[in-house]
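The values are calculated or read from the model by the stated rules, or taken from the named source; none is laboratory data. Bear in mind the structure is a predicted one, so any value in this text is a computation, not a measurement. Cβ sites come from the backbone with ideal geometry, for glycine too, and all protein chains shown count toward neighbours. SASA here: full protein model, heavy atoms, side chains in, ligands and nucleic acids out. Shrake-Rupley method; radii C 1.70, N 1.55, O 1.52, S 1.80 Å.
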Amino acid sequence: MTTDDFQRNRENFCYRHPDRQSFVLCQRCLRTICPECQTPAAVGVVCPECLRDQQKSQSPAQRKAERRWSRPRAMSASSGQPIVTYTIIGITAFVYLLTLIPGIGESIQEALLYWAPLMYPQFGGPFEPWRLVTVSLVHSGIWHVGLNMLALWMIGRSLEPLLGRWRFLTLYLLSALGGSVAVTLLSFATPVVGASGAIFGLFGALLVIGRHIGANIAGIAIVLGINLVIGFIPGFNVSWQAHVGGLVAGLLVAFIFTRTRAVRQRGLQIGLLVAVGAGMIALLFVPALFPALILG
């Protein structure tokens, strides 16, 4: 279901398939194109018309070289399959199965979970920064990993084709980082596991992007609100800090995506995303500089 504003704004739909919404522009003509109409180019993707114009202007030698070195159609990004989503689910499921192996499973989980003191040698532990992101690979049980991966599968199938694979992966990783940073600042001594921070980041991004293209986001907002409130209910044993941190990161990253859609803004988009990541890393210095604020 969509709003009237969404239906009237044709820029939110593929120009060749008016019933398909998309978040990707042709790098040459800047028209919106769906995954089926995208052909990878030197930078970004191009639409079928721009591709034909480009091929017409090529010399016979250029056309011969392109036929020889171009990738098969089946390997191109135009398939529209949420490859990143499926890859993350596969890796996460594989790691969960490893953690079930007697003798080594517990060691694997302990090596990947996030516990803030392990980021600060001055508190007596080693420096293990990879845990900021690898926490999203380990889970406490079958229901934990199952529900998180189900949510990723449901959101990723819609969101990844809209954003493109690299933007989606960036969103996921920055959201996971945001969840870990929030745990560091708000629950320093609590070890956490799970991809909930990254999942809440995807929910937040879906809200921002849906609002931007005029979609009806009421249902998404209700689901997000319910899951957010559950984290504050005693007895559920979930990290609301990771949820809030991932959500804030996802909202911010999605806002950047919606304001830097044009090809000419790609450099600005990358710079802003780097700044978001650097800003979250900078927040990790707070416990080292002001331990009394974090440790009480």
Q) Label residue 268 and residue 30 with points 7 Å out from Cα along Cα→Cβ: what is the distance between them in nm? A) 1.1 nm
Q. Which whole-number percentage describes the relative contact order of the chain, with Cα contacts under 8 Å and a sequence gap of 6 or more?
A. 18 percent
Q.
How much length would be gained if the chain were fully extended between residue 218 and residue 278, taking 0.36 nm per residue of separation minus their Cα-Cα distance, in nm to one decimal?
A. 18.4 nm
**Q.** Charge tally in the Cβ shell below 13 Å around residue 111, where Lys, Arg are +1 and Asp, Glu are -1, residue 111 excluded
**A.** -2
Q | Volume per residue of the C-alpha convex hull in region 240-280, rounded to whole Å³ | A | 47 Å³
Q.
Helix-only estimate, please: 222 nm mean residue ellipticity of the chain, summing -39500 (n - 2.57) across DSSP H runs of length 4 or more and dividing by its residues, to the nearest 500.
A. -18500 deg cm²/dmol
Q: Pop the C-beta distance of residue 229 and residue 52 into the FRET formula with R0 = 45 Å and round what comes out to the nearest 0.05.
A: 0.30
Q: Can you pull the one-decimal nm distance between simple spin-label points at residue 157 and residue 81, each 7 Å off the Cα toward Cβ?
A: 1.5 nm
**Q.** For the chain, accessible area per residue (1.4 Å probe, heavy atoms of protein chains only), Å²
**A.** 53 Å²
Q. When ranked by the protection proxy of mean other Cβ atoms within 10 Å per residue, highest first, what sequence do the peptides 48-56, 192-200, 165-173, 229-237 form?
A. 192-200, 165-173, 48-56, 229-237
Q: Normalise the Debye intensity by I(0) for region 97-176, one equal point scatterer per Cα, no solvent, then take log10 at q = 0.10, 0.16, 0.24 Å⁻¹ and round to two decimals.
A: -0.33, -0.76, -1.12
Q) Over the chain, what percent of the accessible surface lies on carbon and sulfur atoms, probe 1.4 Å? A) 66 percent
Q: Could you point to the label whose value was computed as mean projected area of the Cα convex hull in nm² for the structure here, given (i) 15.3; (ii) 13.2; (iii) 18.6?
A: (iii)
Q) For residue 268, what is the net charge nearby, where nearby means another residue's Cβ is under 12 Å from its Cβ and Lys, Arg count +1, Asp, Glu -1? A) +4
Q: Classify region 166-291 as rounded, prolate or oblate from the Cα gyration tensor: take a ≥ b ≥ c as the square roots of its eigenvalues, call it rounded if a/c is under 1.5, otherwise prolate when a/b beats b/c and oblate if not.
A: oblate
Q.
What does the extension gain come out to for residue 123 and residue 16, with contour length at 0.36 nm per residue minus their alpha carbon separation?
A. 32.6 nm
